[in-house]
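Q: Sharing a structure here in structure tokens format.
The values are calculated or read from the model by the stated rules, or taken from the named source; none is laboratory data. Fair warning: this is a prediction, and the values are worked out from it, not measured in the lab. For neighbour counting, all protein chains shown are included, and Cβ atoms are generated from backbone atoms with ideal geometry for every residue, glycine included.
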Amino acid sequence: MIKKIILTQLGLLFTAMLWSQQSSKSDIIQKENAKQGTTDWIITKVIREDSEYYEGGWRRRKAIEGYVSHTSIRAGETLNVYVSTEPADNFRLDIYRMGYYGGKGGRLVKSIPSIKGVTQPTPKDGRR
């Protein structure tokens, strides 16, 4: 009988520890999602040139192009951002965390107001 009580108490303690860990993870997510969100991450200011008709689809814009090394990272990991501007010009980099944020879908994490852009050469077509 004593062994059963001890095992039951240990089981309850283990369950309480698991619940506490899960609860703290939920609290972290709830606290993050409660932060002020923004819709500024949505690209809405794309200017279509007169020569560009809708049926032709969108085309490359060399004024500023970029991509990142990862689509998703964890806290503390490094994200490399690659940008080309033609002509070489300064640009601003805004970094957003995607999430619920009251239905706005993102939160501004950091803004770097002025980065010197460089023109990267266009890769040659690899087909032969």
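Q: Out of everything in region 92-115 that is touching a strand residue (DSSP E or B) at 6+ places or on another chain (Cβ under 6 Å) and of a type in the set (D, E, K, R), what residue ends up being surrounded by the most Cβ atoms within 10 Å (Cβ to Cβ)?
A: Arg107
Q: Tell me yes or no: at least one residue of region 79-88 is at positive phi and either within 19 Å of the chain's Cα centre (by Cα) or basic (Lys, Arg) (or both).
A: Going residue by residue through region 79-88, those that are at positive phi are none.
Within region 79-88, none of the residues are at positive phi and either within 19 Å of the chain's Cα centre (by Cα) or basic (Lys, Arg) (or both).
Q: Then there's this: Would you please name the residue that is farthest from Ile64 (Cα to Cα), looking only at residues in region 92-128 that are of a type in the set (D, E, K, R) and assigned to a loop (DSSP other than H, G, I, E, B)? Walk me through it before giving the result.
A: Narrowing region 92-128 to residues of a type in the set (D, E, K, R): 92, 94, 97, 104, 107, 110, 116, 124-125, 127-128.
Now drop any that are not assigned to a loop (DSSP other than H, G, I, E, B), which leaves 104, 124-125, 127-128.
Values: Lys104: 26, Lys124: 19, Asp125: 20, Arg127: 25, Arg128: 28 Å.
Checking each candidate, the answer is Arg128.
Q: Pairs needed: first member in region 101-122, more than 15 Å from Ala63 (Cβ to Cβ); second member anywhere, basic (Lys, Arg) and outside any loop (DSSP other than H, G, I, E, B); C-beta distance under 8 Å; at least 6 residues apart or different chains.
A: Tyr101/Arg107; Gly106/Arg97; Arg107/Arg97; Val109/Arg97; Ser111/Arg92; Ile112/Arg92; Pro113/Arg92; Ser114/Arg92
Q: Within region 63-75, can you find the residues that are in a loop (DSSP other than H, G, I, E, B) and either at pLDDT 90 or above or under 11 Å from Val118 (Cα atoms) (or both)? Break it down into steps so the answer makes sense when it comes.
A: Residues of region 63-75 in a loop (DSSP other than H, G, I, E, B): 63, 69-75.
If the condition is that a residue be in a loop (DSSP other than H, G, I, E, B) and either at pLDDT 90 or above or under 11 Å from Val118 (Cα atoms) (or both), then Ala63, Ser69, His70 are the ones that fit.
Q: Restricting attention to region 116-128, which residues are surrounded by 14 or more Cβ atoms within 10 Å (Cβ to Cβ) and among the acidic types (Asp, Glu)?
A: None - no residue of region 116-128 is surrounded by 14 or more Cβ atoms within 10 Å (Cβ to Cβ) and among the acidic types (Asp, Glu), so the list stays empty.
Q: Related question: Taking the criterion of being outside any loop (DSSP other than H, G, I, E, B), surrounded by 11 or more Cβ atoms within 10 Å (Cβ to Cβ) and aromatic (Phe, Trp, Tyr), would at least one residue in region 80-91 satisfy it?
A: Initial filter on region 80-91 (outside any loop (DSSP other than H, G, I, E, B)): 81-85, 90-91.
With surrounded by 11 or more Cβ atoms within 10 Å (Cβ to Cβ) added as a condition, the list becomes 81, 83-85, 91.
Still in the list and also aromatic (Phe, Trp, Tyr): 91.
Within region 80-91 (the criterion being outside any loop (DSSP other than H, G, I, E, B), surrounded by 11 or more Cβ atoms within 10 Å (Cβ to Cβ) and aromatic (Phe, Trp, Tyr)), the answer is yes, since at least one residue qualifies.
Q: Which one is nearest to the chain's Cα centre (by Cα), of the residues in region 29-49 that are exposed (fewer than 10 other Cβ atoms within 10 Å of the Cβ) and of a type in the set (S, T, N, Q)?
A: From region 29-49, those exposed (fewer than 10 other Cβ atoms within 10 Å of the Cβ) are 31, 36, 43-47, 49; that's our starting set.
Those still in the list that are of a type in the set (S, T, N, Q) too: 36, 44.
Values: Gln36: 16, Thr44: 18 Å.
Only one residue fits best here, namely Gln36.
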